[in-house]
Amino acid sequence: MSQKVLVTGGAGYIGSHTCLLLIEAGFEVVVVDNLSNSSLESLRRVEKLTDHYIRFYKVDITDKAALQKVFDEHEFTAVVHFAGLKAVGESSQIPLTYYHHNVYGSIALLEVMQANRCKRIVFSSSATVYGDPASVPIREDFPTSATNPYGRTKLFIEEIMRDQAVSDSDWQIILLRYFNPVGAHASGNIGEHPQGIPNNLMPYVSQVAVGQREKLLIFGNDYPTPDGTGIRDYIHVVDLSDAHVKAIQTISQLKGVTTLNLGTGKGYSVLDMVKAFEKGSGKAVPYEIIERRPGDIAECWADPSKAKEVLGWQARKGLDEMIADTWRWQSQNPYGFE
């Protein structure tokens with residue numbers, strides 16, 4: 001009998017890719033998603049790519065009664081928890097909404113899991129929990145802090161999960177701190193479909209390249225980096241999703257809480273990414289430098305060696321593949337899933 005995994009936020013960008021790889025690895029997947037920033041079409045395409053049916057529930061994780069109904073119908077071996085709001089800028093404008101959905105939603109999920117004696121969870125955290133790091137590459141034992149409400153919600157959820165694990169030693173928890181996910185499935189059928197103006201660099205660049213937007217806005221070129229633009233660790237979404245599969249496969253052997261960085265260990269600047277995208281797509285990406293965005297930091301890249309040691313995982317896809325897959329997705333789906 002295949003193991004059954006609940007994926008919250010499974011219709012989203014990283015969620016849909018992870019569902020696909022979990023199914024390919026032999027797991028049965030059940031998805032809950034409120035579809036506030038995702039599309040059911042992504043799961044339909046995953047079903048086509050895998051030739052597997054995905055049981056889907058339109059549920060908001062803050063709704064405990066609705067979550068409980070899902071648990072009444074299924075026995076889960078583990079949960080992969082992606083559901084949450086994720087726009088850094090927006091989080092400063094509507095912090096209460098972010099705390100409600102992300103923090104309270106996670107508490108509701110943990111309470112339902114506890115009540116149903118399902119005590120294994122892989123949590124989608126973020127490199128934003130390191131705040132403005134004193135040095136790079138960033139290791140898991142670095143001090144944490146956050147420069148925006150979104151980052152703080154991730155930090156609070158991590159702390160809540162740690163407290164839960166201390167109170168009950170049956171819990172097995174993996175906190176995955178992502179760096180910057182980019183790319184798309186090699187088929188070009190699923191990828192990132194941001195609603196409204198993208199908050200992340202790559203979907204913005206690809207929308208400019210495909211002619212949907214006039215130009216890219218670059219926030220600041222006066223950072224202490226070689227070309228003045230911010231440096232980030234970009235990781236292919238398929239590599240990232242593979243880490244979740246390995247986490248689910250490994251979690252039963254781990255005790256308490258395990259925290260892992262997911263990145264490549266290499267940093268690229270905004271201008272590096274623009275140049276690489278122009279080369280990979282053959283399209284010009286006009287840009288304008290504007291002032292820095294509050295809460296942004298100069299550079300942020302991972303030391304991913306602990307994930308290799310614990311999960312036997314490492315990122316395999318390089319920049320060229322990230323660009324090629326992003327462009328294939330964007331050019332085949334200029335308006336995303338619409």
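Figures for the structure shown
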| item | result |
| --- | --- |
| FRET E, pair Glu75, Ser36, Förster distance 35 Å, beta-carbon r, rounded to 0.05 | 0.80 |
| The chain: calculated mean residue ellipticity at 222 nm from DSSP helix runs of at least 4, using -39500 (n - 2.57) | -11500 deg cm²/dmol |
| Extension reserve of the Thr97-Ala25 stretch, reckoned as 0.36 nm per residue once the Cα distance is removed | 22.4 nm |
| Calculated from backbone phi, Karplus (6.51, -1.76, 1.60) coupling profile of region 55-67 in Hz, x at Gly/Pro | 6, 10, 10, 7, 9, 8, 5, 6, 9, 4, 5, 5, 4 |
| Amide hydrogen neighbours beyond the local backbone of Glu299, cut-off 5 Å, H modeled | Ile231 |
| Cα long-axis angle, helix 105-115 against the chain (0 to 90 degrees, to the nearest 10) | 20 degrees |
| Region 1-143 - Kirkwood radius from inverse mean 1/r over Cα pairs (Å) | 16.1 Å |
| Radius 12 Å from Cβ of Gln332, net charge of other residues (Lys, Arg +1; Asp, Glu -1) | +1 |
| Förster-model FRET efficiency, 25 Å R0, Arg316 and Lys4, C-beta, rounded to 0.05 | 0.35 |
| Under-5 Å amide H pairs with Leu216, H placed in peptide plane, nonlocal only | Tyr287, Glu288 |
| Cα→Cβ-extended label distance, 7 Å offset, between Ser169 and Lys255, nm | 0.7 nm |
| At R0 = 35 Å, FRET efficiency that the Cβ-Cβ distance of Asp132 and Arg44 yields, to 0.05 | 0.30 |
| Spacing of the two label points (7 Å from each Cα toward its C-beta) at Asp303 and Arg55, in nm | 4.3 nm |
| Cα pair distances exceeding 15 angstrom across region 235-338, given as percent | 72 percent |
| Neighbour net charge for Gln253 - beta-carbon separation under 12 angstrom, K R +1, D E -1 | +3 |
| P(r) weight above 18 Å for region 98-218, C-alpha pairs, percent | 64 percent |
| Shape parameters for region 103-169, alpha-carbon atoms, Rg then Dmax in Å | 13.5, 42 |
| Tilt relative to the chain, helix 237-250 - C-alpha long axis, 0 to 90 degrees, to 10 | 20 degrees |
| The chain: angle of helix 40-50 to the longest principal axis, Cα-based, in degrees nearest 10 | 80 degrees |
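Laboratory data are not the source of any read-out in this text; all were calculated from the coordinates shown. None of the values given here were measured: they were computed from a predicted structure. Positions of Cβ are backbone-derived with ideal geometry, glycine not excepted, and every protein chain shown enters the neighbour counts.
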